[in-house]
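Taking it in order: structure first as structure tokens, then the write-up.
Just so it is clear, none of the values below were taken in a lab; they were calculated from the coordinates. Just so it is clear, the structure is predicted and the values come from calculations on it, not from any experiment. In this analysis, Cβ positions are derived from the backbone assuming ideal geometry, glycine residues included, and neighbour counts consider all displayed protein chains.
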Amino acid sequence: MFDTDTISRFQQIETPFYYYDLGLLRQTLEACKTASDKYGFHVHYAMKANFNPKVLEAVQSYGFGADCVSGNEVTTAIANGFDKSKVVFAGVGKSDKEINIALDADIFCFNVESVQELNIINDLAKAKNKTARVAIRINPNVDAHTHHFITTGLDENKFGINSWQLNDVAETLRSCKNLQFVGIHFHIGSQITDMEVYRSLCIRINEMQQWFEDRGFQVKVLNTGGGLGVDYHNPDTNNIPDFESYFKVFKDFLHIKPGQEVHFELGRALVAQSAALVSRVLYVKMGQKKNFLILDAGMTELIRPMLYQAYQKIENLSRKSEDRSQKSESESQISNLKCQILKYDVVGPICESTDCFQKDVELPESFRGDIFAIRTAGAYGEVMASRYNLRDAIQSVYSE
Ligand SMILES: *Cc1c(COP(=O)(O)O)cnc(C)c1O
């Protein structure tokens, strides 16, 4: 991702900024497209992961749909060229205003998260003399085996409709004349790397579609959600997720009926590896117990490490040639003669003790002005930036 030309280019640019490798982004999108096309699967991009216009432009150019979680995302998706017939709208708290935006935009479907919401969408559609297509978001009670902050498919989570409420759902669907049932929707969490979890999900989906078919509902769409994880530890050697294996699980374990569509909502897997947060060392504090590297970026630019205790690889680009992790054993012994490896807590400038990217990071001895990259920052990075402490809005730099 960072050749010497790129690193010298960074030297001329004010930090911090997000750096986007658009070539890698296209390679990732291409890999996903090829793997999903093989089975005729439909992929919607979960645009909350990153709605940077250049990212949206690239994603849209591959013909993906959009998975939105707010009215503004619906509007932005369509304004950025996504086909309205490939826009879906999920979210546990859609406001009336947002529902009306989506009704006016004639999106493909609402992923509905409660019986009350079904009734509200029906009322609002009726007022416009429209029919709203709906899929029922079911909470499958499948443990995603991911961090508890980003698991969404358990009974204790706020998302989706639990199985004991399905009779109510069926009754409501029958009585609501301005709703058209299109299928069932699931989303069990994020950063899932264990394919067994998806196999369990398939089994639940099969049970659920049978439940609806037994009651006379035709299930046209099986929407399995997103959540496929990426390798935060090896952003160079494993930079494109294994889409082939992922889609194959669904091909192998879902009971797909003739004419049925299978939909996916991938966010992180499509965009995470294509960006890094680039920052400079402002100060080095050498202590008796701890050494601190104070960067010019903090939780205001990238909050995942602080919010979810997430690991993201940290590199000193200015001393990359001295970084032991980049070299073979014998090479690193030679370079160790020149450079010392030290442990640092890498922190930001924000007035909060939680503003720490990672503790005890082994890095080549680092100095004021060194350029750092925090890797795998393309998903839930730039979009979660804030202006807390009245910081400057974060800038973006592109590979081309
Ligand atoms: C966030 C979200 C996604 C995408 O999750 P990733 O982990 O980024 O793939 C998909 N569907 C819904 C409903 C979501 O809320």
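List of remarks:
- For the Cα trace of the range 273-398, dividing Rg by the Kirkwood Rh returns an Rg/Rh value of 0.98.
- Spin-label proximity, N167 to the range 182-215 - amide N less than 18 Å from point 7 Å beyond Cα toward beta carbon: 208, 211-215
- Calculated FRET efficiency for the pair Q260/K285, C-beta based, R₀ 56 Å, to 0.05: 0.40
- Each residue of the range 294-304 was assigned a 3J(HN,Hα) from its phi angle through the Karplus expression (A = 6.51, B = -1.76, C = 1.60, θ = phi - 60°), giving 9, 8, 8, 10, x, 5, 6, 9, 8, 9, 3 Hz with x at Gly and Pro.
- For the pair the range 199-220 and the range 1-61, the centres of their Cα atoms are 35 angstrom apart.
- Ranked packing of 43-51, 284-292, most packed first, by mean Cβ within 10 Å: 43-51, 284-292
- The fewest-to-most ranking of Y311, Y198 by surrounding Cβ atoms within 10 Å reads Y311, Y198.
- For the range 23-272, the share of alpha carbon pairs falling in successive 10 Å distance bins from zero is 7, 33, 38, 19, 3, 0 percent.
- Secondary structure note: in the range 273-398, about 85% of the DSSP beta bridges are antiparallel.
- The ellipsoid that matches the Cα gyration tensor of the range 1-98 has semi-axes, each √(5λ) in whole angstrom, of 29, 20, 10, with the longest given first.
- Listed residue (Y232, N139, F217) projecting farthest to the positive dipole end of the range 23-272, Cβ model: F217
- Bridges between two residues of the range 23-272, per DSSP, are antiparallel at a rate of about 5%.
- For T300, T193, T34, the sequence from fewest to most other C-beta atoms within 10 Å is T34, T193, T300.
- Potential lengthening between K97 and Q12 on full extension [0.36 nm per residue; Cα-Cα distance subtracted]: 26.1 nm
- Working note: 222 nm ellipticity from helices only, DSSP H runs with n ≥ 4, each -39,500 (n - 2.57), summed and divided by the residues of the chain, gives -9000 deg cm²/dmol to the nearest 500.
- Compared with the alpha-carbon gap, the fully stretched path from K158 to K320 is longer by 53.9 nm at 0.36 nm per residue.
- Between E57 and D37, the simple label model (points 7 Å from Cα in the Cβ direction) yields a spacing of 2.2 nm.
- For the cross-link pairs K48/K126; K33/K343; K158/K285, the ones whose C-alpha atoms lie over 32 Å apart are K33/K343; K158/K285.
- Dipole size of the chain about its Cα centre, with +1 on Lys/Arg Cβ and -1 on Asp/Glu Cβ: approximately 420 debye, rounded to the nearest 20.
- Cα-derived Rg over Rh, computed across the range 56-132 with Rh taken as Kirkwood radius: 0.98
- Only beta bridges with both residues in the range 210-301 are counted; by DSSP, about 60 percent of them are antiparallel.
- Panel order for M299, M1, M195, by other beta carbons found within 10 Å of each beta carbon, from fewest to most: M195, M1, M299.
- For I188, nonlocal amide neighbours, meaning residues 5 or more places apart or on other chains whose placed amide H falls under 5 Å from its own, are G226.
- Distance between the modelled labels on N129 and L390, one decimal in nanometres: 5.3 nm (7 Å Cα→Cβ projection).
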